[in-house]
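Chemist: Here it is, the structure, as structure tokens.
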Amino acid sequence: MSNSITKLQRWLDLIAYLVGRHQPVTVEQLMERIPAYAARWVDGSERDRTSIRRTFERDKDELRRLGIPIDTAAYRTNYGLEFTEGYILRRHDFYLPYLRLAREAGSAATPATAVAERPYPLAEVELTEEEALAALDALHAVAELPSSPLAEEARSAFRKLAFDLDPESFSSNSVIHLIDRSGRDETERILGPLSDALLRRKRVSFQYHGIHRDEVTEREMHPYGIFFQHGNWYLVGYDLGRADLRVFRVGRMKSFETNSRRPNTPDYEIPDDFALEEYLQRAPWEIGEGEPTIARVRFPFPLSLWAERNQYGTLLEEGDDGSSVREFELQQTSNFLRWILSLEGEPEILEPDELKTELQRLAGAVVELHQ
């Protein structure tokens, strides 16, 4: 049987020591009190002390990424004459509040005397059974939804919430109809490493299938943000080969790799003027990368007013009859054509000609399908 201390045991010892302290703890105190660190710190050489200090820094960073809120705090020592920096794990940040079920809807809140007599210092959240069952139904639906990026988290929350409930008392016969998107499995495999690279500010590389040229290219970039829009996951960041910001659909990525050199050192910083919110406001046909297709569309009155009020495209000219011609920059023409088709033939694509031809083909395919 091995007597070596595993990483998990080292983490648990570190968490247990910090959560049991009400004041910040210095690095030296941690090195002396955590068993996995102490032997090499107290009796080891200078090289051993440097090595175990790096181990602690890795442990701290990994625990923070897992959601353990280890904070760095400055505090006074030597009768308030000096400032020292240490680490603290505050209980109210670390522990979740207790859930208390009120078996009858509309029951009174926990009386003050009961709060005072509680054997624990944590907050308490009161739920009626009806509210708890509704939450369980919602979590069950999210957990069972194909392609749900939150399925694992929903199952974890479901187990925690169902602990005090009858597992047979929630509805489980709801049917969800959904056709998985092409590339779903590949997207799920990439999202985890991609999120980790973004959090650690590490350079990534991948192969990307571009729709415009229908070719696969090698890309290397600094991830700035990930967002879910119109049923797809997207990555926006600085493309090192193009020396510019680019947007990539995660489902079109292959052979994803994260820079493994100096894993605890960031490769880049996100510029202060970068705002992910700007990408969340884009229409489906505006999301992508590369040279856009420029389309000009005439909207008859009163549809022209609707397009203006919703800020679709850029106004080029207005007709005497109230119509308007608007210009669009298209990264994804298929999304744009489906949107035009949904407007029941009222808008007229003026140019380019290939876009008009493709719209006619798409309309014919819809007619044939419904016949």
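The values are calculated or read from the model by the stated rules, or taken from the named source; none is laboratory data. Nothing here was measured: the structure is a model prediction, and the numbers come from that model. Every residue, glycine among them, receives a Cβ derived from its backbone with ideal geometry; neighbour counts consider all protein chains shown.
Chemist: Considering only segment 51-73, how many residues are of a type in the set (A, V, I, L, M), out of contact with any helix residue (DSSP H, G or I) (no Cβ under 7 Å at 6 or more places or on another chain) and touching a residue at least 12 places away in the same chain (Cβ under 8 Å)?
Modeler: Pass one, segment 51-73, residues of a type in the set (A, V, I, L, M): 52, 63, 66, 68, 70, 73.
When the remaining residues are screened for being out of contact with any helix residue (DSSP H, G or I) (no Cβ under 7 Å at 6 or more places or on another chain), the result is 66, 73.
Keeping just the survivors that are touching a residue at least 12 places away in the same chain (Cβ under 8 Å) gives 73.
Residues in segment 51-73 being of a type in the set (A, V, I, L, M), out of contact with any helix residue (DSSP H, G or I) (no Cβ under 7 Å at 6 or more places or on another chain) and touching a residue at least 12 places away in the same chain (Cβ under 8 Å): 1 in total.
Chemist: Also, quick follow-up: Which fully enclosed strands (runs of 3 or more DSSP E) of segment 215-295 have 1 or more residues being loosely packed, with under 15 Cβ neighbours inside 10 Å and modelled with pLDDT under 85?
Modeler: Details: elements: 215-229, 232-239, 244-249, 253-258.
In segment 215-295, the matching strands (runs of 3 or more DSSP E) lie at 215-229.
Chemist: Confirm whether L350 is in contact (Cβ under 8 Å) with a residue 60 or more places away in the chain and of a type outside the set (D, E, K, R). Even if it seems obvious, please write down each step before you answer.
Modeler: Numbers: in contact (Cβ under 8 Å) with a residue 60 or more places away in the chain: no; of a type outside the set (D, E, K, R): yes.
Taking the combined requirement at face value, the residue does not satisfy it.
Chemist: Do you know which residues across segment 42-57 are more than 16 Å from G86 (Cβ to Cβ) and surrounded by 13 or more Cβ atoms within 10 Å (Cβ to Cβ)?
Modeler: Start the filter on segment 42-57 by keeping residues that are more than 16 Å from G86 (Cβ to Cβ), which leaves 42-52, 54-55.
Correct list: G44, D48, R49, S51, I52, T55.
Chemist: Consider T77 carefully, then state whether it is at pLDDT 85 or above, of a type in the set (V, I, T) and in contact with a strand residue (DSSP E or B) (Cβ under 9 Å, 6 or more places away or on another chain). Let's see the steps before the verdict.
Modeler: Values: at pLDDT 85 or above: no; of a type in the set (V, I, T): yes; in contact with a strand residue (DSSP E or B) (Cβ under 9 Å, 6 or more places away or on another chain): yes.
Against the criterion (at pLDDT 85 or above, of a type in the set (V, I, T) and in contact with a strand residue (DSSP E or B) (Cβ under 9 Å, 6 or more places away or on another chain)), T77 does not qualify.
Chemist: When you scan segment 307-356, how many residues do you find that are surrounded by fewer than 13 Cβ atoms within 10 Å (Cβ to Cβ) and under 21 Å from R282 (Cα atoms)?
Modeler: 5
Chemist: If a residue has to be touching a strand residue (DSSP E or B) at 6+ places or on another chain (Cβ under 9 Å) and over 20 Å from D71 (Cα atoms) to count, how many in segment 1-60 make the cut?
Modeler: Residues flagged as touching a strand residue (DSSP E or B) at 6+ places or on another chain (Cβ under 9 Å) and over 20 Å from D71 (Cα atoms) within segment 1-60 amount to 0.
Chemist: Determine whether L198 is over 21 Å from the mean Cα position of the chain (by Cα), touching a residue at least 24 places away in the same chain (Cβ under 8 Å) and under 30 Å from R58 (Cα atoms). Write out each step before concluding.
Modeler: Numbers: over 21 Å from the mean Cα position of the chain (by Cα): no; touching a residue at least 24 places away in the same chain (Cβ under 8 Å): yes; under 30 Å from R58 (Cα atoms): yes.
No: the conditions fail for L198.
Chemist: Looking at D137 and the list (1) modelled with pLDDT of 75 or more; (2) among the acidic types (D, E); (3) buried (at least 16 other Cβ atoms within 10 Å of the Cβ), which single condition is not satisfied?
Modeler: (3)
Chemist: Residue check, E85 against (1) within 28 Å of the chain's Cα centre (by Cα); (2) farther than 30 Å from L194 by Cα; (3) at pLDDT 80 or above, all met but one. Which one?
Modeler: (1)
Chemist: Right, another one. Kindly list, by first and then second residue, each pair from a residue in segment 292-308 that is within 23 Å of D353 (Cα to Cα) to a residue that is aromatic (F, W, Y), limited to pairs with Cβ atoms under 7 Å and residues at least 6 apart or on different chains.
Modeler: From segment 292-308, the pairs are A295/F328; A295/F336; V297/F328; A307/F299.
Chemist: May I pose another question? For segment 281-297, state whether one or more residues are polar (S, T, N, Q) and more than 21 Å from the chain's Cα centre (by Cα).
Modeler: Initially, segment 281-297 is screened for residues polar (S, T, N, Q), giving 281, 293.
Among the residues that remain, those that are also more than 21 Å from the chain's Cα centre (by Cα) are: 293.
Within segment 281-297 (the criterion being polar (S, T, N, Q) and more than 21 Å from the chain's Cα centre (by Cα)), the answer is yes, since at least one residue qualifies.
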